[in-house]
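Down below is the structure, laid out as structure tokens.
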Amino acid sequence: MLLQVPPDNSATARLFQSDLDKYGFIMNLSRLWAWRPEVREAFSAVQTQLMSCSSLTQRDLGVLVCATAASLGDSYCALAWGKLLATASDASTAASVLQGSEGNGLTARDQALSVWARKVAKNPNATTLGDVDYLRSAGLSDQEIFEATAFIAFRLAFSTVNDALGARPDWQLAAAAPPEVRSAVTFGRPSAERKE
């Protein structure tokens, strides 16, 4: 990353321990967010609150993040969420969303969410009632459309901080992603190199 690793304190230790417990390594983005761990925790808490009463599925969220990350050129979130979307669907579906194609495996709902995420990420002022009606025709309620849009906005903010300050995808993250997902992520910062 472009910043130095912040000094150790109890908040950074808690953030790093959480990564070790969950992933077995400290993520590069956690080293970055360790400058303000309480902001990272608050950000996560708001996202959790948004999704706590939502009927959006893990597959829906995966489509939203993959399409948003691809539009922004964010390799970190594309690899992380590409793996999650591949688990919720399959690797070719995840690759299709990352590439912006209508490949096999995309449902009408997947396609509508992917198109919406790309429009919101690229130019939110250009969305129209027709775009919202397209989401409705794919089975999304107005509440789900609001939640999807808010979720995209949260992901854009998170990705912007990570990308602007040079957080590179962890080699462990890249290694764990299916080959189809790795091949589809042709944008953004390259993965960090493995250290022996």
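What follows is calculated from the coordinates using simple rules that are stated; it is not laboratory data. Predicted, not measured: the structure shown is a model, and the values here were computed from it. Don't worry about glycine lacking a Cβ; one is built from the backbone with ideal geometry, like all the others, and counts go over all protein chains shown.
Suppose a student asked you for the relative contact order of region 83-196, using Cα pairs under 8 Å spaced at least 6 residues apart; what percent would you report?
31
Which whole-number percent gives the relative contact order of the chain, counting Cα pairs below 8 Å spaced six or more residues apart?
Relative contact order of the chain: 28 percent.
Return 122, 195, 83 ranked ascending by Cβ neighbour count within 10 Å, so the fewest neighbours appear first.
Exposure proxy ranking, most exposed first: 195, 122, 83.
When only alpha-carbon atoms are used, what values of Rg and Dmax, in angstrom, describe the chain?
Reported Rg and Dmax, both Å: 16.7, 53.
Taking the 0 to 90 degree range and rounding to the nearest ten, how far is the long axis of helix 37-52 tilted relative to the main principal axis of the chain, both from C-alpha atoms?
30
Pop a pseudo-label 7 angstrom from the Cα along the beta-carbon direction at both residue 3 and residue 102 and give the gap in nm to one decimal.
Modelled inter-label distance: 4.3 nm.
Taking neighbour Cβ counts within 10 Å as the exposure measure, how do 96, 137 sort from fewest upward?
137, 96
Beyond 20 Å, what percent of the Cα pairs of region 113-175 remain?
The proportion of pairs with Cα distances above 20 Å equals 38 percent.
Please give the peptides 24-36, 59-71, 100-112 ranked by average Cβ packing (other Cβ atoms within 10 Å per residue), highest first, as a rough proxy for protection.
Descending packing order for the listed peptides: 59-71, 24-36, 100-112.
Could you list 52, 141 in order of exposure, starting from the residue whose Cβ has the fewest other Cβ atoms within 10 Å?
So the residues, fewest neighbours to most, are 52, 141.
List the lysines whose alpha-carbon lies under 20 Å from that of residue 83, not counting same-chain residues fewer than 8 positions away?
Straight-distance partners of residue 83: 22.
For the chain, take the longest principal axis of its alpha carbons; what is the angle in degrees between that and the long axis of helix 142-164, to the nearest 10 within 0 to 90?
40
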